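These notes concern the structure reproduced below.
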């Protein structure tokens, strides 16, 4: 119903805010990350919104960027994930981190959020795995303007190098990541997504 709300930030709470639009106060549910980054009361703000309309409910959920809004829409489309649970997940993980967790079958990361059980995290992975990806542009935006640099290795192919870059961007050292990828049976025959998933399982098991 509402694509966005724009006005003066009147009130700010950890999980909600009030935006003054020409004397009309609009209450918007927001993530804790958004609350920490949006600014201070008196600042001009713009939030991209999702409208929840039910029999006895009218709620606005707002995000300071379209990427989080798009991820929120995907999450609430998963059976068993409501707006509050989706907002909780986006409070502890940004959109790119959620994509990583989905693509690498990381149930543990997704279930850190309040309201997201391991079972629900599994549903998110199952239903969204074919609907998300991580482009070089997204990596660059997420990691400070430049995608993580990884020196090509003579014994790594293109798919292996891509998986190595993903692991480094997640905080693992290049040497540990490379060693882990090379330890995977038939590593040269797997695509980067499979290699990333298998490598994370090995690293989590240490």
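Computed from the coordinates by the stated procedures, all read-outs in this text should not be read as laboratory data. All of these numbers come straight from a predicted model, not from anything done at the bench. Reconstructed Cβ throughout: ideal geometry from the backbone, glycine too, with neighbour counts over all protein chains shown.
List of remarks:
- Selected from 46, 131, 74 as most flexible by GNM, with the chain as the system and alpha-carbon contacts under 10 Å: 131
- Helical runs (DSSP H, four residues minimum) scored at -39500 (n - 2.57) apiece and divided by the length of the chain put the mean residue ellipticity at 222 nm at -13000 deg cm²/dmol.
- Pair residue 65, residue 118: separation of 7 Å Cα→Cβ label points (nm): 3.2 nm
- Answer label, with Rg and Dmax of the Cα atoms in Å calculated from the coordinates and candidates [x] 16.8, 55; [y] 18.3, 57; [z] 19.4, 64: [z]
- Cα gyration tensor, region 44-126 - rounded (a/c under 1.5), prolate or oblate: oblate
- Residue 43 paired with residue 24, simple spin-label distance in nm, labels 7 Å along Cα-to-beta-carbon: 2.5 nm
- 117, 97 arranged by Cβ crowding within 10 Å, fewest neighbours leading: 117, 97
- Between residue 174 and residue 4, the simple label model (points 7 Å from Cα in the Cβ direction) yields a spacing of 3.9 nm.
- Neighbour-count order for 85, 95, 197, fewest beta carbons within 10 angstrom listed first: 197, 85, 95
- Residues 61, 100 arranged by fewest to most Cβ contacts within 10 Å: 100, 61
- On Cα atoms only, tilt of 118-128 relative to the major axis of the chain in degrees: 80 degrees
- Considering every alpha-carbon pair of region 4-63, the percent of pairs per 5 Å bin, from zero through the bin containing the longest distance, is 4, 21, 32, 26, 11, 5, 1.
- Convex hull volume per residue for region 53-96, taking Cα atoms only, in Å³: 78 Å³
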